[in-house]
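A.B. asks: Shown below is the structure under consideration.
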There are 2 protein chains.
Amino acid sequence: MNERKTLLEAFKQADYPLTGHGKRDVQVLKNALDAVDGSLESDHYGSGQVIEDYQNRMADYLGKEAAVFFPSGTMAQQIALRIWCDRNQLKRVAYHPLCHLEIHEEHGLQELHRIESVLLADKDRVITLEDVQQMPEDIACLLLELPQREIGGQLPDYEELEAISAYCRNQGIKLHMDGARLLEVTPYYGKSAAEISKLFDSVYISVYKGIGGVAGAILAGDRDVMEESKVWKRRHGGDLISLYPYILSADYYFNQHEHQMQRYYREAVELAALYNECHGVTTLPEVPVSNMFHVHIHVPKEKLEPVLLEIYAATGVGLTSYLSTEEGASSPCRYEVTIGDRYAGVPTEVIQQALRMLDERLRTLK
Amino acid sequence: MNERKTLLEAFKQADYPLTGHGKRDVQVLKNALDAVDGSLESDHYGSGQVIEDYQNRMADYLGKEAAVFFPSGTMAQQIALRIWCDRNQLKRVAYHPLCHLEIHEEHGLQELHRIESVLLADKDRVITLEDVQQMPEDIACLLLELPQREIGGQLPDYEELEAISAYCRNQGIKLHMDGARLLEVTPYYGKSAAEISKLFDSVYISVYKGIGGVAGAILAGDRDVMEESKVWKRRHGGDLISLYPYILSADYYFNQHEHQMQRYYREAVELAALYNECHGVTTLPEVPVSNMFHVHIHVPKEKLEPVLLEIYAATGVGLTSYLSTEEGASSPCRYEVTIGDRYAGVPTEVIQQALRMLDERLRTLK
């Protein structure tokens with residue numbers, strides 16, 4: 001715990017942290033508000049210009065009839081699944097074993113909505129058409145996460161995605177997208193967010209991942225579904241008198257980051273290649289398909305941490321703020337890399353120097 | 001609808017709107033953030049200095065072991081009631097027929113938590129000890145709203161409140177306070193927020209009513225209950241990566257408004273007395289017990305609106321932004337008055353002039 005704090009501190013103090021857009025501090029919100037006139041009226045329980053304009057623009061961007069701003073993706077997605085279950089009169093949905101709803105939400109879907117989940121595919125791969133074809137019959141909705149975050153941000157081929165979508169439509173199974181990082185996969189697919197969303201009945205995107213806002217989520221779909229989602233938003237306690245702090249920052253940073261996704265993707269591919277040249281290091285996926293990947297280093301934590309601290313001190317590069325270990329103290333380490341604005345500000349030779357040093361230290365480590 | 005919009009517009013444009021703290025615009029948040037250094041780190045899913053410090057201070061203020069910041073009171077209260085139901089192994093709670101949970105939350109408590117509600121007392125009066133004594137036996141928790149907003153902000157006598165609290169403790173019934181406007185009743189009771197909270201097992205307060213923040217709520221109680229509430233907060237989708245926009249503004253405006261409650265209360269009593277001198281006008285309660293009351297004017301809407309517009313134009317005073325009618329077009333009108341910062345900025349003679357004019361117009365109205 002103490003050592004981990006040291007790594008976090010060293011990362012924060014590094015001249016060149018490689019991951020993310022920047023610090024998550026109050027300045028992020030201040031900058032967004034500086035662009036807005038103080039006389040702009042607050043939204044009011046889901047109504048008003050601030051929220052309605054933004055929702056309309058995001059609906060257009062996602063190629064859907066309507067969109068609703070939610071305080072969180074957790075709330076937005078449970079509600080989407082609940083609506084599909086009610087409409088299909090079935091209380092079961094299917095998703096990946098490492099789905100956000102399964103591992104990060106204290107089973108709100110089950111506890112609040114009494115919806116059962118069927119887990120598809122193995123933990124370490126994405127859901128295939130075959131998995132979907134073999135689902136039990138009484139599934140109201142299938143959730144696909146693009147990209148599958150917990151396994152490094154992997155994606156199905158676009159043709160497979162189209163085939164899954166066609167199969168679900170044919171079977172009357174609703175298809176929902178966990179698109180927390182949807183914008184981040186548009187370069188790899190070579191498709192717009194709207195084109196990808198067209199394959200789905202409902203789409204959630206996060207406004208604070210690649211987009212870089214403070215918090216919040218968008219749910220998009222047909223108008224009647226979105227109207228129903230507002231009733232559930234009220235029930236969840238998400239229909240706040242004012243959501244504008246999140247909306248204004250989402251809007252501001254969307255405009256800054258939306259057109260940068262190609263660059264983040266290219267930089268992730270570049271950095272992953274450098275990692276894969278290091279002794280005992282692999283990335284998942286080997287070649288990223290978005291702005292993210294996972295780094296696996298086959299060295300126990302107590303040996304790796306001093307190495308990283310040495311690299312941060314010598315090069316100024318912060319590679320990661322933490323190390324995860326899965327099966328105990330002597331197991332390999334893992335961390336997530338997400339490329340944002342910071343990466344482009346780091347000189348290439350400095351990055352190369354840091355990775356070379358990592359390679360050298362790992363080669364000589366006992 | 002069109003005329004109502006006109007009244008809203010006229011109120012907004014009035015030199016002297018009498019109700020509230022001020023406009024709910026983006027400047028409210030900007031002012032709060034101007035007092036904060038941009039390098040302050042965001043909270044992170046319920047952890048971090050920003051949220052923990054604020055929660056600790058509010059726990060102290062309310063005399064409870066712990067407090068949790070929620071995006072909304074809707075979420076905080078459903079969760080409090082859910083925890084009490086789980087602990088008492090009963091799925092029924094009791095509250096007033098005009099309780100927020102019964103009329104403003106799309107029955108989230110019933111739809112999400114499958115908790116039934118038993119309605120106590122008549123709509124037009126507060127819950128008494130007798131009502132509580134006559135409750136069915138299988139009630140996990142009683143919710144009391146202080147003050148009862150939908151009937152003008154009425155309160156039980158403090159002795160009655162103490163007796164209800166003692167009865168519930170004795171019977172093993174948990175007592176929860178909807179204290180959305182708790183601070184606003186401390187002057188009438190002559191008690192601190194902590195003294196009143198002591199009578200309750202859990203307490204919710206809003207941070208954007210009298211306190212004047214942007215949005216959000218505090219739930220306070222024993223430490224183990226608050227820890228459990230964090231799990232439910234996650235399930236509801238309220239455990240946001242960043243709640244600091246609401247926390248920082250709640251903190252800033254608490255410091256500005258907390259010590260003004262005595263004044264708002266006194267001003268409400270003063271203004272209600274002026275209203276009661278007008279022909280065909282009564283206030284509920286006749287003598288306010290907080291910073292709020294309702295105005296009942298026994299004139300149909302289509303006759304009253306032109307009178308109000310005339311008064312706003314002639315005196316610059318905005319009395320209300322809306323008129324409610326309950327039983328049809330020719331029924332009397334009703335609106336809520338909440339005293340905040342604005343009232344003290346209006347010259348007394350201007351207020352008196354506006355109310356005199358209201359009296360005169362109502363006397364000659366046909």
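Each value in this text was obtained by applying a stated rule to the coordinates, not by laboratory testing. Just so it is clear, the structure is predicted and the values come from calculations on it, not from any experiment. Reconstructed Cβ throughout: ideal geometry from the backbone, glycine too, with neighbour counts over all protein chains shown.
A.B. asks: Chain B: which residue's Cβ hugs the B-to-A rotation axis most tightly, distance rounded to whole Å?
C.D. replies: B:Pro245, 2
A.B. asks: Now for a separate question. Using a Gaussian network model on chain B with a 10 Å cutoff between Cα atoms, which of B:Glu150, B:Glu305, B:Glu349 fluctuates the most?
C.D. replies: Highest fluctuation of the listed residues: B:Glu349.
A.B. asks: What are the label-to-label distances in nm, one decimal and shortest first, from B:Asp53 to the same spot in the other copies, with labels 7 Å along Cα to Cβ?
C.D. replies: 3.4
A.B. asks: State which entries of A:Lys30/A:Lys209; A:Lys23/B:Lys233; A:Lys30/B:Lys191; A:Lys303/B:Lys230; A:Lys23/A:Lys301 exceed 27 angstrom in Cα-Cα distance in the structure shown.
C.D. replies: Checking Cα-Cα distances, A:Lys30/B:Lys191; A:Lys303/B:Lys230 exceed 27 Å.
A.B. asks: Going toward the positive end of the dipole of segment A:235-302, with +1 on Lys and Arg Cβ and -1 on Asp and Glu Cβ, which of A:Tyr244, A:Ala268, A:Ser290 do you reach last?
C.D. replies: So the residue furthest toward the plus end is A:Tyr244.
A.B. asks: Kindly point out which whole DSSP H helices in chain B project their C-alpha atoms 15 angstrom or further along the helix axis while averaging a Kyte-Doolittle hydropathy of -1.0 or above.
C.D. replies: Working: long enough: B:2-13 (16 Å, -1.23); B:49-62 (19 Å, -0.85); B:73-88 (22 Å, -0.26); B:158-171 (20 Å, -0.79); B:223-236 (20 Å, -1.89); B:244-257 (19 Å, -0.60); B:261-276 (22 Å, -0.49); B:301-315 (21 Å, 0.12); B:348-364 (24 Å, -0.51).
Membrane-span-like by this rule: B:49-62, B:73-88, B:158-171, B:244-257, B:261-276, B:301-315, B:348-364.
A.B. asks: OK, next. Give me the dipole magnitude in Debye, nearest 20, for segment B:133-247 about the Cα centre, with unit charges on the beta carbon: positive for Lys and Arg, negative for Asp and Glu. Could you put the intermediate results ahead of the total?
C.D. replies: Working: 12 positive and 17 negative charges, 107 e Å.
Computed about the Cα centre, the dipole is about 520 debye.
A.B. asks: Roughly speaking, what is the centre-to-centre gap between segment B:84-158 and segment B:184-259 when only Cα atoms are used, to the nearest Å?
C.D. replies: So the separation of the two Cα centres works out to 20 Å.
A.B. asks: Which one, A:His259, A:His100, A:His296, has the greatest fluctuation when you compute a Gaussian network model over chain A with C-alpha springs under 10 angstrom?
C.D. replies: Checking each option, the largest mean-square fluctuation is seen for A:His259.
A.B. asks: Same structure again: Let's test this: bin the Cα-Cα distances of segment A:55-170 at 10 Å from zero up to the farthest pair and state each bin's percent.
C.D. replies: Bin by bin from 0 Å, the calculated values are 13, 41, 40, 6.
A.B. asks: Which one of A:Thr6, A:Tyr188, A:Gln27 is farthest out on the positive end of the charge dipole of chain A, using unit charges on Cβ (Lys, Arg +1; Asp, Glu -1) and the Cα centre as origin?
C.D. replies: Of the options given, the answer is A:Thr6.
A.B. asks: Short version: what are the Cα gyration tensor semi-axes of chain A, square root of 5 times each eigenvalue, largest first, in whole Å?
C.D. replies: On the way: eigenvalues 254, 132, 64 Å².
One finds semi-axes of 36, 26, 18 Å for chain A.
A.B. asks: Name the most mobile residue of A:Ala94, A:Ala14, A:Ala250, meaning the one with the largest mean-square fluctuation, in a Gaussian network model of chain A with Cα contacts below 10 Å.
C.D. replies: Evaluated over chain A, the most mobile residue of the options is A:Ala14.
A.B. asks: Do you know the relative contact order of segment A:249-299, to the nearest whole percent, from alpha carbon pairs under 8 angstrom that are 6+ apart? Display every interim value, and only then the final one.
C.D. replies: On the way: 53 pairs, mean separation 16.6, N = 51.
That works out to 33 percent.
A.B. asks: Right, something else. Would you work out if segment B:282-341 is rounded, prolate or oblate? Take a ≥ b ≥ c from the square roots of the eigenvalues of the alpha-carbon gyration tensor; rounded if a/c is under 1.5, else prolate when a/b is larger than b/c, oblate otherwise. Before the final figure, lay out the partial values.
C.D. replies: Values: a/c = 2.37, a/b = 1.14, b/c = 2.09.
Oblate.
A.B. asks: Evaluate the relative contact order of segment B:43-241 (contact order divided by residue number), counting alpha-carbon pairs under 8 angstrom at least 6 apart; express in whole percent.
C.D. replies: Numbers: 359 pairs, mean separation 60.9, N = 199.
Taking the mean separation of contacting Cα pairs over the length of segment B:43-241, I get 31 percent.
A.B. asks: If you take each beta carbon of peptide B:21-32 and count the beta carbons of other chains within 10 angstrom, what is the mean?
C.D. replies: On the way: counts 0, 0, 4, 8, 8, 13, 6, 4, 10, 7, 1, 0.
The per-residue average across the peptide is 5.
A.B. asks: Taking 2.2 N^0.38 Å as the expected size of a compact globular protein, what ratio does the Cα radius of gyration of segment A:43-241 give against it, to two decimals?
C.D. replies: 0.95
A.B. asks: While we're looking at this one, here's another question. Given the DSSP H assignment, sum -39500 (n - 2.57) over each helix run of at least 4 residues in chain B and divide by its residue total; what's the result at 222 nm in deg cm²/dmol, nearest 500? Could the numbers behind the result be given before it?
C.D. replies: Details: 16 runs with 169 residues, N = 366.
Value at 222 nm, helices only, nearest 500: -14000 deg cm²/dmol.
A.B. asks: Okay, next question. Sorted from fewest to most neighbouring beta carbons within 10 Å, what does the list A:Lys12, B:Lys23, B:Lys64 look like? If you can, show how the numbers build up before the last one.
C.D. replies: Values: A:Lys12 12, B:Lys23 15, B:Lys64 24.
Neighbour counts put them in this order, fewest first: A:Lys12, B:Lys23, B:Lys64.
A.B. asks: While we're looking at this one, here's another question. Hey, fewest Cβ within 10 Å first, where do A:Tyr246, B:Tyr188 land in order?
C.D. replies: Values: A:Tyr246 29, B:Tyr188 21.
Ordered by Cβ neighbours within 10 Å, fewest first: B:Tyr188, A:Tyr246.
A.B. asks: Put the label 7 Å from Cα along Cα→Cβ for B:Gln256; what are its distances to the other copies, in nanometres, shortest first?
C.D. replies: 2.6
A.B. asks: Output, in nm with one decimal and in ascending order, the distances from the B:Thr325 label point to the matching label points of the other copies (7 Å from Cα along Cα-to-Cβ).
C.D. replies: Its label point is 7.4 nm from the equivalent points in the other copies.
A.B. asks: Still on this structure, please answer the following. Summarise the partner chain shielding of B:242-252 as one whole number: the mean count of Cβ atoms from other chains within 10 Å of each residue's Cβ. Walk me through the numbers on the way to the answer.
C.D. replies: Working: counts 12, 4, 8, 12, 4, 0, 3, 2, 0, 0, 0.
Taking all residues of B:242-252 together, the mean is 4.
A.B. asks: Give the whole-number value, in cubic angstrom per residue, of the convex hull volume spanned by the C-alpha atoms of the protein assembly as shown. Don't skip to the end; give the middle numbers.
C.D. replies: Details: hull volume 118.9 nm³, N = 732.
So the per-residue hull volume is 162 Å³.
A.B. asks: Work out the length of the dipole vector of segment A:232-366 about its Cα centre, built from +1 on the beta-carbon of each Lys and Arg and -1 on the beta-carbon of each Asp and Glu, and round it to the nearest 20 debye.
C.D. replies: On the way: 13 positive and 17 negative charges, 57 e Å.
Value, rounded to 20: 280 debye.
A.B. asks: Could you size up the charge dipole of segment A:43-241 around its Cα centre, putting +1 on the beta carbon of Lys and Arg and -1 on that of Asp and Glu, and report it in debye to the nearest 20?
C.D. replies: Numbers: 21 positive and 32 negative charges, 84 e Å.
Approximately 400 debye in magnitude.
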